[in-house]
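The values are calculated or read from the model by the stated rules, or taken from the named source; none is laboratory data. Quantities reported herein were computed from a predicted structural model and do not represent experimental measurements. Note that we place each Cβ from the backbone using ideal geometry, even for glycine, and neighbour counts take in every protein chain shown. For the accessible areas, the whole protein counts, side chains as well, though only heavy atoms, and no ligand, DNA or RNA atoms are used. Shrake-Rupley method; radii C 1.70, N 1.55, O 1.52, S 1.80 Å.
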Amino acid sequence: LAMAGRGKLIAVIGDEDTVTGFLLGGIGELNKNRKPNFLVVEKDTSITEIEETFKSFLARSDIAIILINQFIAEMIRHAIDAHMESIPAVLEIPSKEHPYDASKDSILRRAKGMFSAEDFR
């Protein structure tokens with residue numbers, strides 16, 4: 001994933017299992033303001049906090065990719081759909097309790113609008 005740009009980070013917004021897995025994989029960082037590049041969403045995490053964290057990740061120049069569990073992305077769908085830039089890329093990923101549903105993925109829905117069935121013949 002070094003292709004994402006030199007010194008750029010991957011951020012994660014997810015349930016405990018998802019974030020723990022990525023932290024064990026070595027993605028955890030604190031920036032110079034001691035802000036982490038991850039958010040563990042628990043039952044009592046407010047939608048406001050999720051959305052504010054997402055928007056703060058969008059605004060950070062050191063983040064190239066934001067991974068978010070799809071069921072959490074659903075909670076802030078309007079904010080994800082409003083993000084039109086290619087960087088940071090927002091990728092929706094499944095979680096243990098919630099399988100991936102391609103029909104909900106904002107990137108795939110956007111991509112579908114760019115192509116017609118004719119393009120794949």
- [ ] Can you give me the number of residues within region 14-43 that are within 19 Å of Arg77 (Cα to Cα) and part of a loop (DSSP other than H, G, I, E, B)?
- [x] 4
TODO: Return a yes/no flag: does region 8-21 have any residue that is modelled with pLDDT of 95 or more and open to solvent by 80 Å² or more (accessible area, probe 1.4 Å).
DONE: yes
TODO: Considering every residue within region 34-51, establish whether at least one is in contact with a strand residue (DSSP E or B) (Cβ under 8 Å, 6 or more places away or on another chain), among the aromatic types (Phe, Trp, Tyr) and open to solvent by 30 Å² or more (accessible area, probe 1.4 Å).
DONE: yes
Task: Positions within region 85-107 being assigned to a loop (DSSP other than H, G, I, E, B) and either in contact with a helix residue (DSSP H, G or I) (Cβ under 7 Å, 6 or more places away or on another chain) or closer than 12 Å to Ala73 by Cα (or both), in sequence order - done: Pro88, Pro94, Ser95, Lys96, His98, Tyr100, Asp101, Asp105
Open item on the list: Restricting to region 66-88, count the residues that are open to solvent by less than 80 Å² (accessible area, probe 1.4 Å) and either free of Cβ contacts under 8 Å to residues at least 24 places away in the same chain or over 21 Å from Thr48 (Cα atoms) (or both).
Closed with: 1
TODO: Output yes when any residue across region 92-101 is hydrophobic (A, V, I, L, M, F, W, C) and open to solvent by 40 Å² or more (accessible area, probe 1.4 Å), and no when none is.
DONE: no
